[in-house]
Amino acid sequence: MSKQLLAALGLVWISSMPAAAADLCNCCGVAAAGSCASACQAVEIDAGQCIPTVDFNGKAEIGPGKNALYEFSLRNLQVSRTDHGSMEAFRRLLEKLRRGAEADRKAALRDRRRGGIDEAEASLRANRYDDAIVNYYLGAQAYRLAKHNKP
């Protein structure tokens with residue numbers, strides 16, 4: 001078989017696989033909205049504490065200025081599943097979120113250079129980006145720990 005035919009068959013096979021989805025939830029002991037409700041049921045939460053978790057049934061919405069890495073800290077992130085498909089969906093989510101934060105950072109730098117935003121707004125966006133990258137690394141650490149501690 002030719003290399004092109006093998007590549008085409010590989011693309012058909014990959015595109016026929018069901019797309020796994022994932023999102024991040026902040027479980028704070030109150031009724032969570034949407035698909036986060038079922039993800040948060042599995043999390044034990046002490047009074048006054050919030051625990052982030054992965055919602056393997058959710059689908060993250062990522063757009064300009066909208067990114068789960070901006071919303072809450074991923075310190076103590078709990079990953080409830082460790083099967084290969086779920087872990088791959090989580091890894092892909094983290095990468096999409098990081099790319100979204102990078103795109104926002106580039107847009108902020110461009111807006112500042114062109115005078116679209118002032119120095120104070122540029123500083124706010126830079127701090128938001130820094131926090132998002134910390135969250136990305138916290139998520140990556142949770143991913144590695146979950147993969148390593150697989151039952």
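The values are calculated or read from the model by the stated rules, or taken from the named source; none is laboratory data. Computed from a prediction, not measured in an experiment: that's the story for all the values here. Methodologically, a virtual Cβ is constructed for each residue, glycine included, from the backbone with ideal geometry; neighbour enumeration extends over all protein chains shown. Heavy atoms of the whole protein, side chains included, go into the accessibility calculation; ligands, DNA and RNA do not. Shrake-Rupley method; radii C 1.70, N 1.55, O 1.52, S 1.80 Å.
Looking only at region 28-36, decide whether some residue is within 22 Å of Y137 (Cβ to Cβ) and either surrounded by 12 or more Cβ atoms within 10 Å (Cβ to Cβ) or modelled with pLDDT of 90 or more (or both). No, region 28-36 contains no residue that is within 22 Å of Y137 (Cβ to Cβ) and either surrounded by 12 or more Cβ atoms within 10 Å (Cβ to Cβ) or modelled with pLDDT of 90 or more (or both).
Selection of region 67-100 for residues being touching a Leu at 6+ places or on another chain (Cβ under 8 Å), outside any loop (DSSP other than H, G, I, E, B) and under 11 Å from N135 (Cα atoms) yields A68, L69, E71, L97, R98. Going through region 35-66 one residue at a time, which ones are under 18 Å from I133 (Cα atoms) and not in a loop (DSSP other than H, G, I, E, B)? P52, T53, V54, G63, K66 - these are the residues of region 35-66 that are under 18 Å from I133 (Cα atoms) and not in a loop (DSSP other than H, G, I, E, B). When restricted to residues that are loosely packed, with under 15 Cβ neighbours inside 10 Å, of a type in the set (V, I, T) and either in contact with a Phe, Trp or Tyr (Cβ under 8 Å, 6 or more places away or on another chain) or over 28 Å from Q78 (Cβ atoms) (or both), region 100-139 contains 0. The single condition from (1) at positive phi; (2) part of a helix (DSSP H, G or I) that Y143 fails is (1). Looking only at region 81-99, residues that are more than 11 Å from the chain's Cα centre (by Cα) and open to solvent by less than 80 Å² (accessible area, probe 1.4 Å) come to 6 in all. Only one of the numbered conditions (1) touching a helix residue (DSSP H, G or I) at 6+ places or on another chain (Cβ under 9 Å); (2) closer than 22 Å to G34 by Cα; (3) modelled with pLDDT under 95; (4) surrounded by fewer than 17 Cβ atoms within 10 Å (Cβ to Cβ) is not met by K150, and that is (2).
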